[in-house]
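First up is the structure itself, then whatever we jot down about it.
The values are calculated or read from the model by the stated rules, or taken from the named source; none is laboratory data. Small disclaimer: the values here were computed from a predicted structure and weren't measured. All Cβ positions, glycine included, derive from the backbone under ideal geometry; neighbour counts span all protein chains shown.
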C-alpha cells in the first residue's frame, strides 16, 4: 500500500474574502470546496499512510520553520503539520482558514516551505526517497505579490524529490475549459503568466487548472480502482499430472481480482455524550423516545455489543444459571427438536479439500447461458518470471479465442476452502493475454420454473391457439417495434466529431446509492446542516432524454391506440372506514342485480353471508352498527343451547365480525360487542361456558388494540389482560 504526503498551500489574503463573477460565496469558500473534498476522501479512507499538511500564506502572523527574520518567509504559517488527518484536527483547522487583513506573503516562498516540510517528514519516516508519493496543491487567486527569483532552482528541487505540483487558480483563464475573466488586474495577469511558466518547469505531470473546472469535476463520482491482490498462485491443470504425467499438462499461474462490486458505506451504532447531545436539535417520537442529531464534531463513541448465555437450572435460586460461550454446542433444528452437534462431529460433515485449479471441461460460447454468471470476476495470468508458463498460457488463450469456446474450471484457493466452479474466457488486449473468470452455479443452485409460452395459448384439451385475446396482434407487434426503435439510445448521442454514438455509456453511469451516501456523509462531516440534493450526474439516467421522448410521441400515441389502453376507473371511497368500491366503466351496478332483496335481519341459519351483505349495502355508520348487533343476537341465541354443539359456529361468527370491523376500521363496534359477550359468559347467562372462552382466547379473538388499528383506544396491555380468565377461587374479602 503506497504512502502519500500531501501539502495544501492556501492563499488566505484579504482579497480571498471578496466575491467575484456573480458568486454569492467568497473566493476562499469557493476554492475550499475542492480542498475539503480532498481532505474528506483522505479521512474516509481511514488509511494512516495518507499524510496531510496545510500551509497558509498572506496570513496575519508568521509561523514556519524557515523563518529566520528574513522578509522572504514573512506571513507564512504552518496551519497543520504533516500527519494523519482526523475529524478533531480537521475541525480545528477549519477555524484557522479565514481571510486575513494583509496582502503580504509570497506564494512561491510558501511552496518552498511545503517542499521543506515534505522532505523532512518523508526522509525521517522512511529514509528512502522513493517510498512516498509527494504532492503540493497551491490554491490562490493570484492577487498577491509573487517573487520570481530562483524559480529554476526551486523547480529543480521539486523534480528531484518527485513532487507533483497542482496549482488551482480562482478565476484563472482556461481556453480549453472555455473560461476567461474580464477586466482582470495587471497583477493577476502577471501572476498567472509567472505561475504557468513555473509549472511548466516542473515534471511529474504538474498542472495549472482554473477553479471552475476543478469544482465542476467534484460532482463526478470517483471510481475506486481495485488493487491486484493475488488470491491463488499455483498450477492450472488440464488432467491430473500426478496420475497421468504423460498426457496431463499444467501451467504456473497467478489469479487476482479483476472487478469488485461497490457497496454503500455501512452505518455504525454510536452513543452521543450527554453534553454533546444537549446542544443538538431533538425530535420527540411517540412513546416519549427522544432522537438527537449526531454532533458536528464527531464526538461519538462506538456501541459495544455484549452477549451472555443462560440455561435453566432447578438447583439455582433464580432457576437459571449463566454459561460461557466455550461450553455451548451448535444445535440444528429438526422439526421442533434441537439436535446438538459438537465441533468434532461437525468436522466430519465438512468436505476435505486441497488447493487446486483444474480445467474440467469446455463449452462453445454460443451454448453458454448468460444468466449462469454469478459474483465478481477474476483474472488469471502466467507467472511473470516463467517464460515457459507465459508461452503455454498464451497458447491456451489463443486456442479458446480461435475456437470461440470457454473453459470450465474447479478452483480451491486454499486448503479446506469450499470449491468454486469458474467459467474461463480468453482476454487479449493491451499486450496482455489472460483468462477472465466468473463463478458458475452448482446444479443444486439452479431452480427450474416452467411458464406458459408467450407466443401461443395451449387450451385445457391440448389444442394450440395462435390467435387469442391474450396474444398480441400483428398490428400491436409492429406498433411496439416502432416505438422501441424510436427510443433507441445506442445512436442518440454525438461524439466530438458529430457522429452518432451511444447515449448512455457504461463508464458514465454510477451507482446512485453508493455515491449518494458518500456525498451525504461528506456533506454532513465537513459542513453539517441539511444534505444538498444529489448531483445531476447521479440522476441524469433516471429519465429518458426529453428530446428523444418528444420525437417518439407519435409512435407512443399509435401504440396506445392499437393496444386499446384505457384509463383505470377511479376508486370511489365511501365514509370513514368504508371499503373502496370500483366504479365500472359501464356504470351498471352488478351487485344490485345479483342481490335484489338485501337482508335487513341476520338469520341464524345464514348468519355470515347475511352479515357481509348488510355491510356491503351499508350507506351509513348506523347500518354497520346494526349489523354487528344482529350478529351479536345470533351468537347469544346459539350459546343458549346446552353443551358445546354450537361453540364452533359461534367462534367462526366472532372471527368474521372481528375481521370485517378491522377491514371497515370500526374497532369500537367489535370491542363493545366482545366486552358484552365476555361479561355474559362469566355471569353464566349461557351456563358454564368457560371452555368456550378458552377457545376464544386460543384463537386470539380479543379486543382490537391500537397496534392493529391506530384509531383504537385499547392499548396492547389492556387487550392482553382482557383475554385472561377470572378465577373461581373463594375470597375472604368482606363485603362493605
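Can you say whether residue 703 is in contact with a helix residue (DSSP H, G or I) (Cβ under 6 Å, 6 or more places away or on another chain) and on the phi < 0 side of the Ramachandran plot, as far as the supplied structure shows?
Numbers: in contact with a helix residue (DSSP H, G or I) (Cβ under 6 Å, 6 or more places away or on another chain): yes; on the phi < 0 side of the Ramachandran plot: yes.
For residue 703, the condition - in contact with a helix residue (DSSP H, G or I) (Cβ under 6 Å, 6 or more places away or on another chain) and on the phi < 0 side of the Ramachandran plot - is met.
Within the range 207-233, track down each residue that is part of a loop (DSSP other than H, G, I, E, B) and surrounded by 15 or more Cβ atoms within 10 Å (Cβ to Cβ). Walk me through it before giving the result.
Just the residues of the range 207-233 that are part of a loop (DSSP other than H, G, I, E, B), to begin with: 220-229.
Answer for the range 207-233, where residues must be part of a loop (DSSP other than H, G, I, E, B) and surrounded by 15 or more Cβ atoms within 10 Å (Cβ to Cβ): just 221.
For the range 506-552, how many residues meet the condition of being more than 27 Å from residue 43 (Cβ to Cβ), in contact (Cβ under 8 Å) with a residue 60 or more places away in the chain and in a loop (DSSP other than H, G, I, E, B)?
1
Looking at residue 81, is it within 25 Å of residue 154 (Cα to Cα), surrounded by fewer than 16 Cβ atoms within 10 Å (Cβ to Cβ) and in contact with a helix residue (DSSP H, G or I) (Cβ under 7 Å, 6 or more places away or on another chain)?
Details: within 25 Å of residue 154 (Cα to Cα): yes; surrounded by fewer than 16 Cβ atoms within 10 Å (Cβ to Cβ): yes; in contact with a helix residue (DSSP H, G or I) (Cβ under 7 Å, 6 or more places away or on another chain): no.
In short, no.
Among the listed residues 315, 292, 279, identify the single one that is in contact with a helix residue (DSSP H, G or I) (Cβ under 6 Å, 6 or more places away or on another chain) and at pLDDT below 85.
Details: 315 fails: in contact with a helix residue (DSSP H, G or I) (Cβ under 6 Å, 6 or more places away or on another chain); 279 fails: in contact with a helix residue (DSSP H, G or I) (Cβ under 6 Å, 6 or more places away or on another chain).
Selected residue: 292, the only one of 315, 292, 279 that is in contact with a helix residue (DSSP H, G or I) (Cβ under 6 Å, 6 or more places away or on another chain) and at pLDDT below 85.
Would you be able to say whether some residue in the range 22-32 is part of a helix (DSSP H, G or I), surrounded by 15 or more Cβ atoms within 10 Å (Cβ to Cβ) and over 32 Å from the mean Cα position of the chain (by Cα)? I'd like the intermediate steps shown before the answer.
First pass over the range 22-32, keeping only residues part of a helix (DSSP H, G or I): 27-32.
Those still in the list that are surrounded by 15 or more Cβ atoms within 10 Å (Cβ to Cβ) too: 27-32.
Now drop any that are not over 32 Å from the mean Cα position of the chain (by Cα), which leaves 27-28.
For the range 22-32, residues part of a helix (DSSP H, G or I), surrounded by 15 or more Cβ atoms within 10 Å (Cβ to Cβ) and over 32 Å from the mean Cα position of the chain (by Cα): present.
Would you say residue 560 is surrounded by fewer than 16 Cβ atoms within 10 Å (Cβ to Cβ) and over 30 Å from residue 43 (Cα atoms)? Don't jump to the end; show me each part of the working.
Values: surrounded by fewer than 16 Cβ atoms within 10 Å (Cβ to Cβ): yes; over 30 Å from residue 43 (Cα atoms): yes.
In short, yes.
Just one of the numbered conditions (1) over 19 Å from residue 425 (Cβ atoms); (2) not in a loop (DSSP other than H, G, I, E, B) is not true of residue 399; which one?
(1)
Could you list, in sequence order, the residues of the range 631-679 that are closer than 23 Å to residue 601 by Cβ and either outside the structural domain of residue 617 (by TED's automatic domain parsing) or not in a helix (DSSP H, G or I) (or both)?
640, 641, 646, 666 - these are the residues of the range 631-679 that are closer than 23 Å to residue 601 by Cβ and either outside the structural domain of residue 617 (by TED's automatic domain parsing) or not in a helix (DSSP H, G or I) (or both).
Being crowded, with 18+ Cβ neighbours inside 10 Å, over 22 Å from residue 686 (Cα atoms) and under 47 Å from the mean Cα position of the chain (by Cα) is the requirement here; does residue 660 meet it?
Values: crowded, with 18+ Cβ neighbours inside 10 Å: yes; over 22 Å from residue 686 (Cα atoms): yes; under 47 Å from the mean Cα position of the chain (by Cα): yes.
It is true that residue 660 is crowded, with 18+ Cβ neighbours inside 10 Å, over 22 Å from residue 686 (Cα atoms) and under 47 Å from the mean Cα position of the chain (by Cα).
What's the total number of residues in the range 316-334 that are free of Cβ contacts under 8 Å to residues at least 12 places away in the same chain and either surrounded by 10 or more Cβ atoms within 10 Å (Cβ to Cβ) or touching a strand residue (DSSP E or B) at 6+ places or on another chain (Cβ under 8 Å) (or both)? Outline the logic, then answer.
Residues of the range 316-334 that are free of Cβ contacts under 8 Å to residues at least 12 places away in the same chain, as a first pass: 316-321, 326-327, 331-334.
Pick out the ones that are also either surrounded by 10 or more Cβ atoms within 10 Å (Cβ to Cβ) or touching a strand residue (DSSP E or B) at 6+ places or on another chain (Cβ under 8 Å) (or both) and you get 316, 319-321, 331-333.
Summing the residues that are free of Cβ contacts under 8 Å to residues at least 12 places away in the same chain and either surrounded by 10 or more Cβ atoms within 10 Å (Cβ to Cβ) or touching a strand residue (DSSP E or B) at 6+ places or on another chain (Cβ under 8 Å) (or both) in the range 316-334 gives 7.
Is it true that residue 341 is closer than 24 Å to residue 235 by Cβ, over 31 Å from the mean Cα position of the chain (by Cα) and surrounded by 13 or more Cβ atoms within 10 Å (Cβ to Cβ)? Please lay out each step first, then the result.
Numbers: closer than 24 Å to residue 235 by Cβ: no; over 31 Å from the mean Cα position of the chain (by Cα): yes; surrounded by 13 or more Cβ atoms within 10 Å (Cβ to Cβ): yes.
For residue 341, the condition - closer than 24 Å to residue 235 by Cβ, over 31 Å from the mean Cα position of the chain (by Cα) and surrounded by 13 or more Cβ atoms within 10 Å (Cβ to Cβ) - is not met.
Is there a residue in the range 405-423 that is surrounded by fewer than 10 Cβ atoms within 10 Å (Cβ to Cβ), on the phi < 0 side of the Ramachandran plot, assigned by TED's automatic domain parsing to the domain that holds residue 368 and over 30 Å from the mean Cα position of the chain (by Cα)?
no
From the residues in the range 234-253 that are in contact (Cβ under 8 Å) with a residue 40 or more places away in the chain and within 13 Å of residue 389 (Cβ to Cβ), which one is surrounded by the most Cβ atoms within 10 Å (Cβ to Cβ)?
Only one residue tops the list, namely 236.
For every residue, the table says whether it meets (1) closer than 29 Å to residue 216 by Cα; (2) modelled with pLDDT of 90 or more; (3) loosely packed, with under 15 Cβ neighbours inside 10 Å; (4) in the same structural domain as residue 202 (by TED's automatic domain parsing).
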residue	(1), (2), (3), (4)
122	no, no, no, yes
127	no, no, yes, yes
135	yes, yes, no, yes
158	yes, yes, no, yes
163	yes, yes, no, yes
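Just checking, how many residues over the range 333-369 are more than 15 Å from residue 411 (Cα to Cα) and at pLDDT below 90?
18
Checking the condition touching a strand residue (DSSP E or B) at 6+ places or on another chain (Cβ under 7 Å), closer than 19 Å to residue 120 by Cβ and crowded, with 17+ Cβ neighbours inside 10 Å, which residue from 50, 12 passes? Before the answer, list the steps.
Numbers: 12 fails: closer than 19 Å to residue 120 by Cβ.
Within the list 50, 12, the selection yields 50.
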